[in-house]
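The values are calculated or read from the model by the stated rules, or taken from the named source; none is laboratory data. This one's a predicted model, so the numbers in the text were calculated from it and none came from an experiment. Here the Cβ positions follow ideal geometry from the backbone for every residue, glycine too, while neighbour counts run over all protein chains shown. The area values use the complete protein model at the heavy-atom level, side chains included, leaving out ligands, DNA and RNA. Shrake-Rupley method; radii C 1.70, N 1.55, O 1.52, S 1.80 Å.
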Amino acid sequence: MNFDDLIQGFPDLTTTGLAQGSIYALVALGYTLVYGVLRLINFAHSEVFMFGTFAALWTWGIMGYDSNSTRPDLGTALLLILVSLVVASLFSGGVAMAVEAVAYRPLRKRNAPPLVFLISAIGASFVLAELMGAFTERRQQGIPGLLPGEPLFSAGGWTVYPLQLMTFVVALAVMFGLDWFVAKTRFGRGIRAVAQDADTAALMGVNKGRVIALVFLLGGLLAGVAAVFYSMKQGNTRFNVGFLIGLKAFSAAVLGGIGNLRGALVGGLLLGLVESYGAALFGSNWTNVIAFVVLLVLLMFRPTGLLGESLGRARA
Amino acid sequence: MTTETVKKQRWKLNLRDRFQDLPKPARIAAMVVFVVLLYLLPTKAFYENLGFPIPVGSGYLPFYTTGSDMAGVLFQCGYYILLALGLNVVLGYAGLLDLGFFGFFAVGAYTVALLTSPESKLITEYNWLESPWPWLVTVPIAIALAMLSGVLLGWPTLRLRGDYLAIVTLGFAEIIRIVAKNQDWILNGDRGIPSVGHPPGTWPDGEAIFDLEFTPYYWLVLTVIIAVIFLIRNLANSRVGRAWVAIREDEDAAELMGVPTFKFKLWAFAIGAAIGGLSGSLWAGQANFVNSNTFSLENSILVLAAVLLGGAGSIGGAILGGFIVIYLPEWLRSVGDVFGWPTQVEIAGIHIDVSPTSLRFVIFGALLIVVMIYRPQGLWPNRRRAAELKDRQKEVAPVE
């Protein structure tokens, strides 16, 4: 127990925790969306995220920036990030839809029980991760540093780095966008209807198949956004990065109440903060234990997560 | 439609019915022959006399994993089969989704390692033990501790709904692994515990039976598997087994009918955990060295895949599944050379390693998807459970 570190580093720990938590939250939304609609733990979502990191890496590579390049100026960096955001999220979205079409849709037609979906998802996860592993020779690949490494500003002990601020702001913006999309648009209404009662929604003329495909696409897009920021933060990627992030993000989704969009946001940020503080308190190699212990304790007292409402019952 | 049962023609019956039709002595004889065959599996000569055409000079033998030691692969299959049998009780019989089953394996393995290794900190630092205990004595302790950890985990969590139970068990396995990795007081972190004891016994010429050679370990694990099968079969056909099936099919209805569901769920958890611990102690007896790297989460998922691939709720299915998930990737390692599979292709200037070794998990993953689509009840299903699934398929007309 090291309270001094916690108190002295509190501002730094908070900013890093929030930045990391934003990434968790973005990935967690993918789990929550799919779970809310299909009652299915989309095990392959972590690989969708992993494909996003490589899409970002390749995009930067094609545009002439690899891990050996010098840091570009701010304008170029922003352009690079923007392009990679678009490419990575489209790529991840595409992968997510492909997974749905190959591994889940045939099962849905046969009305398979949830466990069968889970195994199919595990199979898809193996296929995606190992394909990428074979393609990249299982090597870790470096990612160029794009944003300046100096602090953006510091005031009263609070130091904020450009990447952290950007991660947090973009994540929040994306999440508000998603919230609006689900609450206000016609497609969003379709998603909520299918989440509430798929068969009744289908009777009312909602195209169930299309809504489900859309949900996977949305989850993939968000995972792509998360992948870009994760790559920049981590400085490298590998064919198996998805596993741990996926596990954390899923925990975040459960923490906030799975099936609940705002719950994923709250859960993700909370998990990021808890990990960050916990690492200072107990040492960084206990990070993952802390995350899980918090999750287990919370589930014992509040089995439906913090906000604990389903996507279907979110306000109309 | 007539109500009288028409005796089907013999060739129309499936394999299982045909087998059931045989007279009892014939069935027993067949089983004995089969078991003897199983004991013969690790010997190379067995494959040389199979009678398949073998490409000359390839060193290839059908079904023999030339890429790795056959007896070693079979031993690994063996303890995975045990794990699958244990998870089958939890998942197949009682219908509880446990994603962290390997945690119990870790508990069993560490118990054995701590008590049998002369370099365990229980001896060197804390002086709790005078000298290392023999392996055989520690196995029941390992089983008991695994069972206890199953009860401790199950007590607070079994009240949770299915998916939450999944994540809690997942967290449990991960916590065990990280604690084993990080703490230094007993488990020695990443450095692990060396010189773990082996099972007892010597050949007539005084050499230890259980040393570096894998074959005796395979025979041992095979024997244990056979014993466990009898145990589980009897359990499944008893009052306990019927209670599990009732819980799996409809928990609320079971509770209303007077089945104490919580108690039986806890029993399923404990018995599954005990078998997992047994598997871990067998593995530790062979491994000689135990550290946290063995207990990664992928293993839990592999065991889960084994149970569902084979067919949850069926002993034969768990065995088949446990065998496939280990054997198939290992076998794929060696077949590429024989059938002239290219090891590398070049796409857009990038060399991609397409050897079966590299792609074995791609193939395995694709197999999982295909089996789940076309045979969701598993390869060797439990009849009752297959019927439950079939009912489900009829229930809803898909709207697509």
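For segment B:71-296, what is the charge dipole size about the Cα centre, in debye to the nearest 20, if Lys and Arg each add +1 at the Cβ and Asp and Glu each add -1 at the Cβ?
Using only the charged Cβ atoms, the result is roughly 580 debye.
Just the ratio, please: alpha-carbon radius of gyration of chain A over 2.2 N^0.38 Å, N its number of residues.
For chain A, the normalised Cα radius of gyration is 0.99.
Could you work out the pair-distance distribution P(r) of segment A:1-112 from its alpha-carbon pairs, with 5 angstrom bin width and percents rounded to whole numbers?
All Cα pairs, binned at 5 Å, distribute as 2, 10, 14, 15, 14, 13, 11, 10, 6, 3, 2, 0 percent.
Given contacts defined as C-alpha pairs under 8 Å and at least six residues apart, what's the relative contact order of segment B:71-296, whole-number percent?
Here the relative contact order equals 42 percent.
Per q in 0.14, 0.19, 0.23 Å⁻¹, report the Debye log10 I(q)/I(0) for segment B:287-330, using one uniform scatterer on each alpha carbon and no solvent.
One equal scatterer on each Cα of segment B:287-330 leads to -0.38, -0.62, -0.77.
Segment A:267-304 to segment A:120-137: how many Å between their Cα centroids?
Taking the Cα centre of segment A:120-137 as reference, the centre of segment A:267-304 is 29 Å away.
Divide by every residue of the protein assembly as shown the summed helix terms, -39500 (n - 2.57) for each DSSP H run of at least 4, and state the resulting mean residue ellipticity at 222 nm, rounded to the nearest 500 deg cm²/dmol.
Numbers: 29 runs with 472 residues, N = 716.
The helix-only estimate for the protein assembly as shown comes to -22000 deg cm²/dmol at 222 nm.
Roughly how many Å² of A:Ser69 are accessible to a 1.4 Å probe, to the nearest 10?
40
Where Lys and Arg each count +1 and Asp and Glu each count -1, what net charge lies around B:Val325 among other residues with Cβ under 13 Å from its Cβ?
Working: positive: B:Arg360; negative: B:Glu298, B:Glu330.
Counting the neighbours of B:Val325, the net charge comes to -1.
Putting +1 on Lys and Arg Cβ atoms and -1 on Asp and Glu Cβ atoms, find which of A:Val83, A:Tyr35, A:Thr53 reaches farthest to the positive end of the dipole of segment A:20-114.
Farthest along the dipole direction, towards plus: A:Tyr35.
For a bin width of 5 Å, list the pair-distance distribution of segment B:202-341 built from all Cα-Cα distances, rounded to whole %.
Each 5 Å bin holds this share of Cα pairs: 2, 8, 12, 17, 17, 14, 11, 8, 5, 3, 2, 1, 0.
Count, for each residue of A:281-290, the Cβ atoms from other chains sitting within 10 Å of its Cβ, then give me the mean as a whole number. Could the numbers behind the result be given before it?
Details: counts 0, 1, 1, 0, 5, 5, 1, 7, 10, 2.
Counting other chains' Cβ atoms within 10 Å and averaging over A:281-290 gives 3.
Semi-axes of the protein assembly as shown's equivalent ellipsoid from the Cα gyration tensor, sqrt of 5 times each eigenvalue, largest first, rounded to whole Å?
Equivalent-ellipsoid dimensions as semi-axes: 42, 32, 28 Å.
What number, in percent, do you get for the relative contact order of segment A:104-212 if the mean sequence gap of Cα pairs under 8 Å and at least 6 apart is divided by its residue count?
About 10 percent, as a whole number.
Take every Cα pair under 8 Å in chain B that's 6+ residues apart, average their separations, divide by the length, and report that relative contact order as a whole percent.
25
Could you work out Rg/(2.2 N^0.38 Å) for segment A:179-316, with Rg from alpha carbons only?
So the Cα radius of gyration is 1.20 times the expected 2.2 N^0.38 Å.
With 10 Å bins from zero, work out the P(r) of segment B:211-266 over every alpha carbon pair and list the percent per bin.
Calculated over all Cα pairs of segment B:211-266, the distribution is 22, 32, 19, 16, 9, 1 percent.
For segment B:71-296, take the convex hull of the Cα atoms, compute a quarter of its surface area, and give me that in nm², please.
The directionally averaged projection comes out at 12.9 nm².
With point charges of +1 on the Cβ of Lys and Arg and -1 on the Cβ of Asp and Glu, referenced to the Cα centre of chain B, which listed residue (B:Gly310, B:Thr169, B:Leu122) lies farthest in the positive direction of the dipole?
Farthest towards the positive end: B:Gly310.
Treating only the Cβ of Lys, Arg, Asp and Glu as charged (+1, +1, -1, -1), what charge dipole size does the protein assembly as shown show about its Cα centre? Round to the nearest 20 debye.
Roughly 2800 debye, rounded to the nearest 20.
Which value does Rg/Rh take for chain B over its C-alpha atoms, Rh per Kirkwood?
Reported Rg/Rh (Cα atoms, Kirkwood Rh): 0.99.
Give me the distance between the Cα centres of segment B:120-150 and segment B:222-281, rounded to whole Å.
Going from one Cα centre to the other spans 27 Å.
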